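Peer 1: First, the structure itself, so that you have it in front of you.
The values are calculated or read from the model by the stated rules, or taken from the named source; none is laboratory data. Treat the numbers as computed from the prediction; the structure is a model and nothing was measured. We place every Cβ from the backbone using ideal geometry, glycine too, and count neighbours over all the protein chains shown. Side chains included, ligands, DNA and RNA excluded: accessible areas come from the protein's heavy atoms. Shrake-Rupley method; radii C 1.70, N 1.55, O 1.52, S 1.80 Å.
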Amino acid sequence: AALEAAAKLCAGDATHGSFEAVVAPCDVTKPDDVRALLKHLPPVDVLVNNAGAGAWKHVEETTPEEAYGMMACPYQAAFTMTSLLVPTMVARATDCHVVNVTSAASEVGFRGAVGYATARWAMRGFSRMLAQDLKQLGIGVTHLNAAEISGTSYFSDAPGKAGAASHAKIPYLFQLVDGMGLNYTTTQVAAAALDGVEKGWSTVLVPGFLLIPTKMVADVVPCFLEFLCGLGPAGRRAI
């Protein structure tokens, strides 16, 4: 139902002209399911690897099975989709592009989200290596790194969602931005991603006022950023 609602929004967006939106449910963590799906899809010019999962937990709270699941989606899912679609992109001989969506958790070390954050670091590494690997084929790669996105149900207390307990583990530095209502909406993030594709950017950081200085500090003095992310009780154990 949620996918059908999204399809109606896409098809009804007059800004980009009329087009058909096709819904095709698939478990992207299962390569054989993805292979079966791609047999029924039209050619792809832009692949957006946006699937993600995982609660924010300390390492002793995370079962090995949960850790595997968090790595399967987003990282393994993105790898599967990309590896299976690249041959068809090359065959089309058009300006094709891959967008990998990940989290600000991929830039810094902090407590309370070991499995979740490690999977996002894997996505950042994947984007960096993929950009080099696809350059010769003429396929662009954009790494979209976002702080918490407002207007989603990711941190709701519902089956399959991370839950409010995960949200409480977000470093205070980022919670402050969220409390001020400065996080990007889904629409703003989508617009930033499209802008990055059209301009051929390798990295898009949203919101820029927060993540651009965050990345600069992380690249130069990561220990200072990790100190800032350690301020306050966010992510501390209850014991």
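Peer 1: Helix 186-199 against the longest principal axis of the chain: what's the angle in degrees, Cα atoms only, rounded to the nearest 10?
Peer 2: In the chain, helix 186-199 runs at an angle near 60 degrees to the longest axis.
Peer 1: Can you work out the Karplus-derived ³J(HN,Hα) for every residue in region 48-61? Use 6.51 cos²θ - 1.76 cosθ + 1.60 with θ = phi - 60°, whole Hz, and x for glycine or proline.
Peer 2: With coefficients 6.51, -1.76 and 1.60, one gets 10, 8, 10, 5, x, 8, x, 8, 8, 9, 6, 4, 6, 8 Hz.
Peer 1: Please compute one quarter of the surface area of the Cα convex hull for region 92-190 and express it in square nanometres.
Peer 2: Dividing the Cα hull surface by four gives the mean projection, 7.8 nm².
Peer 1: Let me ask another. For the chain, what % of the accessible area comes from carbon and sulfur atoms, probe 1.4 Å?
Peer 2: Numbers: 8250 of 13410 Å².
C and S atoms contribute 62 percent here.
Peer 1: Report, in cubic angstrom per residue, the convex hull volume of the C-alpha atoms of region 23-116.
Peer 2: So the per-residue Cα hull volume is 105 Å³.
Peer 1: Distance in nm between label sites at L9 and L137, each 7 Å beyond Cα in the beta-carbon direction?
Peer 2: 3.0 nm
Peer 1: Separate question: For V204, which sequence-distant residues (separation of 5 or more, or a different chain) have an amide H within less than 5 Å of its own amide H, given hydrogens modelled in the peptide plane?
Peer 2: H143, L144, N145
Peer 1: Quick one: accessible area per residue over region 24-164, 1.4 Å probe, rounded to a whole number of Å²?
Peer 2: Value for region 24-164: 50 Å² per residue.
Peer 1: Averaging the inverse of every distinct alpha carbon separation and then flipping it gives the Kirkwood radius. What is it for region 167-238, in angstrom units?
Peer 2: One over the average 1/r among Cα pairs gives 13.8 Å for region 167-238.
Peer 1: Give me the lysines in straight-line cross-link reach of K39: C-alpha distance below 19 Å, same-chain residues under 8 apart excluded.
Peer 2: Straight-distance partners of K39: K30.
Peer 1: For the pair T185/M129, report the inter-label distance in nm, with labels modelled 7 Å from Cα in the Cβ direction.
Peer 2: Each label point lies 7 Å from its Cα, and together they span 3.8 nm.
Peer 1: Enumerate the amide H contacts of S156 below 5 Å, restricted to partners 5 or more residues apart or on another chain; note that Pro and chain-start residues carry no placed amide H.
Peer 2: A162, G163
Peer 1: Quick one: what do you get for the chain if you divide its Cα Rg by 2.2 N^0.38 Å?
Peer 2: This ratio for the chain stands at 1.03.
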